[in-house]
Amino acid sequence: MKKLIILLICAVLLTISACSKDDKTKDQPTSEAVKAENDKNESSQPAASGDEEAEETVAADDAENTSEEDASSENQTEEDKDYLTSHHQFVASEVTNLSEKEVSSLWGEPVRSEKIQFRYSGTSNFVPAVVRYYQNEKYAVTFVEGKAARLVYSVIDEEILFDDDKTKALELAGLPTDVEETTDTDTAFVWNDIGGVYEVTMFSKGEFADYLYIILDEAYK
């Protein structure tokens, strides 16, 4: 009887042992799959990092190129205006197409205004425009459709001799002085395509220069 019981116990133990081995065998592929997935994730991480580094490099290159372009533009602007002196009161070309608000930031609020009708050259159409006077009428800006189109700059207070010192008026307006006039009369000098503006006419009052009449852009000739 005892032998029979011992045999039964041994049989049960063998059965349990066999089942445990089968479970381990079934679990093993799962563990390998997890390991493989981990290996896959690890191998993909350097690639992602490489993409990020590449993107950062491209962004850095773009920023560097933009900085170089900006610097080149600034240098070009400085080169274009190397004729400016410490005596200039403003730069005529920088007034071109400014808004009324922007001009007021330069010369303060206008002391008076005058509404006019402006006709574009070569057309018969008139558009509303306004002339704003600044700093006791030292400056008069004609705004066409909201943009600075023409400028009258009074230099009568400077006592500039019309014939002898005419270039001094150009200097005060931030214009080059080594440009030959295209028209020379007893009462006016005219310069075309000078210092970034379309045309400058200097009128006289007696023996002195009176004012500069500046057409800022060819569109408003």
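Around residue 133, under 11 Å between beta carbons, what's the net of Lys plus Arg minus Asp minus Glu among the other residues?
Residues near residue 133 contribute 0 overall.
Quick one: Debye curve from the C-alpha atoms of segment 98-138, no solvent, what's log10 I(q)/I(0) at q = 0.17 Å⁻¹?
Calculated log10 I(q)/I(0) at the listed q: -0.55.
Step through the residues of segment 106-113 one at a time and calculate ³J(HN,Hα) from phi using the Karplus curve (6.51 cos²θ - 1.76 cosθ + 1.60, θ = phi - 60°), rounding each to whole Hz and writing x for Gly and Pro.
Along segment 106-113, the couplings run 8, 10, x, 5, x, 7, 6, 9 Hz.
Give me 84, 216, 161 ranked fewest to most by other Cβ atoms within 10 Å of their Cβ, as a rough exposure proxy.
Going from sparsest to densest Cβ surroundings: 161, 84, 216.
For segment 92-220, what log10 I(q)/I(0) values come out of the Debye formula at q = 0.11, 0.13, 0.15 1/Å, with one point per alpha carbon and no solvent?
The Debye formula, applied to the Cα set alone, gives -0.38, -0.53, -0.70.
Any read-out appearing in this document is the output of simple, stated calculations on the displayed coordinates, not a laboratory observation. Everything numeric here is computed off the predicted structure, so don't read it as measured data. All Cβ positions, glycine included, derive from the backbone under ideal geometry; neighbour counts span all protein chains shown.
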